[in-house]
Amino acid sequence: MTEKIRKRDGLIIFSEYEKFSGLKKALSLSQDDILFELKSSNLKGRGGAGFPISTKWMLTAAAQSSEKYVVCNADEGEPGTFKDRVLLKEMPYLIFEGMIIAGYTIGAKKGIVYLRGEYNYLVNPLNEFLDEMKNENLLGENILGKDFSFEIEIFSGHGAYVCGEETALLESLEGQRGEARNRPPFPVNRGYKGFPTTVNNVESLSTVPHIIMKGGSWYSQFGTEKSKGTKLISVSGDCEKPGVYEIEWGTSIYDLLELVKAENTKAVQVGGASGVCVNKSQFDRTIAYEDLSTGGSIMIFNESRNMLAILKNFMEFFVEESCGQCTPCRIGNQKLLAFVEKIIQNEQTFSELNKIKELAETMKIASKCGLGQSSPNPFLSILENFKEEIFDSNSRGKYEHV
Amino acid sequence: MSMYKKERTPISHQALFVEKPAHPEDIGGSVSVKINGKDLIVPMGTTILEACRMMGYHVPTLCHHEDLCIAGVCRVCVVEVDGMKPLQASCSFPIMAPISIKTSSPKVRKARQNVIDLLISEHKGECYSCVRNNNCELQSLSKEYGVESYPYGHRTETKHKIDNTSYSIVREMDKCVHCLRCVRTCIDLQEVGVLEAVGRGDETHVGTFMEKMMSDVVCINCGQCINRCPTGALHANDPRDMIWEAIDNPQKHVIIQTAPSPRAAIGEEFGLEPGTSLTGEMNTAMRKIGFDRVFDTNFAADLTILEEGTELLLRLYKKLVLNDENVQVPQFTSCCPGWVKFVEHFYPEIIPNLSTTKSPQQMFGAVLKTYYSEKSGIKPEDIVTVAVMPCSAKKYECNRPEMNSSGYKDIDFGLTTRELAQMIRESGIYLPELEKSEFDDPFGDASGAGLIFGATGGVMEAALRTVLELVTGKKIENLFENMDIKEVRGFEGIKTLQIPVTEVGEVPEILKHLVPDWNWLKGATIKVAVAHGTANAKKIIKNIKEGGEFAGYHFIEVMACPGGCIGGGGQPIPTNEKIRSQRAKAIYSEEKILNERKSHDNPKIKKIYSEFLTEGPCGHLSHKLLHTHYTVRGREFVN
């Protein structure tokens, strides 16, 4: 099945690679050399937030502690994202190599993969793969004869979207309710069980062995000035060739639509439910941290789709998936959804619209974690970019589900 | 807060804790912060909220509570930090590097306004009929932020049924604003764990295990959640209507007894500073309301000391001299019904260590419906006994089925300090301006030993004053200056004291039939401990089970509430450590000037043992009326 999902070879992650070569090379380097390569690569977190990996590792390495942890965030829950699944299924070695290199660099002895609950069927194959690695002395005590030991555990999540947020993920790992923590302290200082922890996305970790092999400066030649390298994207929706692609940062929406053979496209939702929705006039915008940032999800909607129905679907998602602890996210999303329902009934007023936009702005700055801070994105961008359709009940025709 | 900081607190609820050095500037442990343009140097790790308060800037809060670990969930206290795009919750943000903060920028005001509007939209606000009308933090916030309309709506429909199945605690979840203070109180402060956030998204709410009713969960009724609830979502089960009915019925002889703590706190309900004692005024008020007799629970506290002290000496005698294996030491106090239920649920195996003496409230009830009934010629069925207590658990205690050894319910109604204040207001009385009056005979004024029951360590101090005198024959003032046993006072979580018995005296007349002499105690060291808050009690129990030092102790006082009864779940709201210490101060300073400060010297106590309980403490009649037994409840077997 995944063969169909993965669309073609890519420049980096999907390029030719000899299994475990990155790991072997990394273990012959010093920690400082690894951090140097990562810093010169400018690799940023691929989960969406875009925090520089080298900084995260450096902070965790610098933290004084008897125990440290590497956590791989494989809770791929953003609607429309499935690129990590391809990596988990087809190239688990890249992920595990990345985790071991991380452990080696920061001084951790244990790594944990927080696997999305829905990917439960991958637990056994991943464990089998880990056993093989142990047999080959790529995991366990004194890896490849070095004075470095590392083990990896697979932990299955239980399906809460918020657990993709790194601190909620850590709470869930500890057996608590999946709720975001107060930050600071950050996980690099107090993470899993209170110990310094680096939490990295599957894709970020999978990139590391390639950077080790070919060098940070080689890596940084790809992409744009502020977004280096490539990005795995999961394309879904109205196109002929949906699937996972490795694209260079800076690719425009136009080029992407051409690549996946999409026609009559009306809207593209970049970044999943928490991303932004662009209209035709914005298709020259590029996929990059500095323009349209995405953790990997690209959803394409053609002219037959009803934007209001799409928006309602997104807001229903957030109403249900808010962890419920902080006021702006728990109640705010309900109010945004209620307003969408009002538009559907043609009962909205413009003063209400202004007030609700103000609420959306409050949610963006006052929510406790990234979930509530980004959940108003589709609401604001769809209302802004498709206002003719949304607010003209004649042009949008009869309301139907997507 | 450090005192209540719990190791098991989820990290999500912990701010970065940094030990603050005494002179941070000397070792580079301080950091500069700019608040609204003004500079301040603070120890590293100080939260923005603390820094703002140091500078006199008011930042509104809702989920924050000084007694509890950090939550950072309500987002009312957000402020703008330069260089950070999202606003930051000031309660949970530790200052570790120089930062510049704006506490009231347009962005901040707008966000706070919206957050408050959102909270109000989900709160089923029925201010007129709400027990917290005029003492509600959400109401205050809405006033502070000038809420004029409900831009996001205002809920009027019922979503959650009111749960009034518990004798003690009523939950009205439609008024809950999800500040999680009750959850943090129950799990982290008290380590009981009845309440927890359940569900997700719009279904998120504070619930119980399997959504059971409050009468069917392992709640110990301490009511600490009530004291920290910002709204009326949690309150005590109020028996006022039934008490008014009894008062208005000329057939009924309605007696009220008052515990020591309400008098030290009720002034707060009338706008007075915490720590203003209103004993005499309250007596007058209760008579004006229509109670036929006003008695001091301290009389029964003195009685408890005699019974419990004798029980302790008997236990030690049986254990150490007679080698009776059925006797368990240490003896734990049993006057706190929250603590008793805690043991019944979580540590039923230590029930044999609980003193069998009833609490003063219940003892008094039994005495009123027998001894007092005989003396006054009023039939017990016509006597209605009301107890004003600082406590919500006392409501449950008086409804325990075994509490009727006289053939009548010992205590008919438990009333909280807050509810008594309400009855006083309903009677058109302004309490602080009333003339003072005494307690009624035949019990009159009690000893100071009974009075200090209100603060943590008080029962222990009262017991020691009596037990040490009975054993040594020496005056307690010769052992402790001013007879103040300072080692057991104060708010430290667990206090200990070891007293060597160097010489012993004659066995007093009242105990002669129980113990032949005290020689076996000569040279012994009496070890006692005091814990307040069930989390601290848990530490002691665990220590005993592991065979630690407390296994060798003789007598341990436990009060379920932080601070003891003065911080009880029936006391005026709000509560914090400062308020509790002021209340304790009021009790100790009132006690200092009393003539009689030892339970066994109370003439009324001597009288009841000569007239009624003629077999002395722990005699047959005492056992029937003044002692009780406990129920193994466990965590699932609940009723």
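The numbers here are math on the coordinates, done by the rules we state, and not lab data. As the structure is a prediction and not an experimental result, all values here were calculated from the model. Every residue, glycine among them, receives a Cβ derived from its backbone with ideal geometry; neighbour counts consider all protein chains shown.
Tabulated data
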{"read-out": "Rg/Rg_ref, region B:166-237, where Rg_ref = 2.2 N^0.38 Å and atoms are Cα", "value": "0.98"}
{"read-out": "Cα centroid separation, region B:228-283 to region B:496-575 (Å)", "value": "30"}
{"read-out": "Förster radius 22 Å - calculated FRET efficiency between B:LYS624 and B:ASP248 (Cβ-Cβ, nearest 0.05)", "value": "0.10"}
{"read-out": "Cross-link reach list, aspartates and glutamates versus B:LYS578, counting only Cα pairs under 15 Å and skipping chain neighbours closer than eight places", "value": "B:GLU66, B:ASP67, B:GLU268, B:GLU273, B:GLU492"}
{"read-out": "Percentage relative contact order, chain B, counting C-alpha pairs under 8 Å, at least six apart", "value": "15"}
{"read-out": "Footprinting exposure proxy for B:THR628, A:THR207 (fewest neighbouring C-beta atoms within 10 Å first)", "value": "B:THR628, A:THR207"}
{"read-out": "Packing-based order for A:359-369, B:535-545, using average beta carbon neighbours within 10 Å, highest first", "value": "A:359-369, B:535-545"}
{"read-out": "Peptide B:120-129 - average C-beta neighbours from other chains (10 Å radius)", "value": "1"}
{"read-out": "Percentage relative contact order, region A:230-302, counting C-alpha pairs under 8 Å, at least six apart", "value": "39"}
{"read-out": "Inverse mean reciprocal Cα-Cα distance (Kirkwood Rh) of chain A, Å", "value": "21.8"}
{"read-out": "Space enclosed by the convex hull of the alpha-carbon atoms of region B:224-312, per residue, Å³", "value": "160"}
{"read-out": "Alpha carbon Rg of the protein assembly as shown, scaled by the compact-globule rule 2.2 N^0.38 Å", "value": "1.10"}
{"read-out": "Acute angle (nearest 10 degrees) that the helix A:307-321 long axis makes with the longest principal axis of chain A, alpha-carbon atoms", "value": "50"}
{"read-out": "Calculated on alpha-carbon atoms, Rg and Dmax of chain B in Å", "value": "25.7, 80"}
{"read-out": "Out-of-range pairs (alpha-carbon distance over 29 Å; input B:LYS175/B:LYS539; B:LYS495/B:LYS585; B:LYS288/B:LYS409; A:LYS110/B:LYS85)", "value": "B:LYS175/B:LYS539; A:LYS110/B:LYS85"}
{"read-out": "Relative contact order computed over region A:167-276 (Cα-Cα under 8 Å; 6+ residues apart), in percent", "value": "13"}
{"read-out": "Footprinting exposure proxy for A:VAL270, B:VAL294 (fewest neighbouring C-beta atoms within 10 Å first)", "value": "B:VAL294, A:VAL270"}
{"read-out": "Degrees separating the helix B:337-346 axis from the principal Cα axis of chain B, which is the longest one", "value": "80"}
{"read-out": "Chymotrypsin sites (Phe, Trp or Tyr not before Pro) lying in DSSP loop within region B:329-435, provided at most 13 other Cβ fall within 10 Å", "value": "B:TYR430"}
{"read-out": "Evaluated over region B:93-229, the Cα radius of gyration and Dmax, each in Å", "value": "17.1, 52"}
{"read-out": "Shielding by other protein chains, B:192-203, mean Cβ within 10 Å", "value": "5"}
{"read-out": "Where the Cα pairs of region B:539-639 fall when distances are cut into 10 Å bins, in %", "value": "11, 20, 32, 32, 5"}
{"read-out": "Modelled label reach - A:LEU144, point 7 Å along Cα→Cβ, region A:32-73 residues with backbone N closer than 18 Å", "value": "A:32-38"}
{"read-out": "For region A:2-219, alpha-carbon Rg and Dmax in angstrom", "value": "15.9, 46"}
{"read-out": "Cβ-based exposure ranking for A:SER54, A:SER30, in which fewest neighbours within 10 Å come first", "value": "A:SER30, A:SER54"}
{"read-out": "Share of pairwise Cα separations in region B:29-143, more than 26 Å, in percent", "value": "23"}
{"read-out": "Bins of 10 Å, starting at 0 and running to the largest distance - Cα pair percent for region A:230-302", "value": "22, 65, 12"}
{"read-out": "Region B:463-513: GluC sites (Glu not before Pro) in DSSP loop, at most 16 other beta carbons within 10 Å", "value": "B:GLU492, B:GLU503, B:GLU506"}
{"read-out": "Sites matching GluC sites (Glu not before Pro) across region A:226-291 that sit in DSSP coil, with at most 13 neighbouring C-beta atoms within 10 Å", "value": "A:GLU240, A:GLU263, A:GLU290"}
{"read-out": "Percent antiparallel among DSSP beta bridges (both partners in chain B, rounded to 5)", "value": "50"}
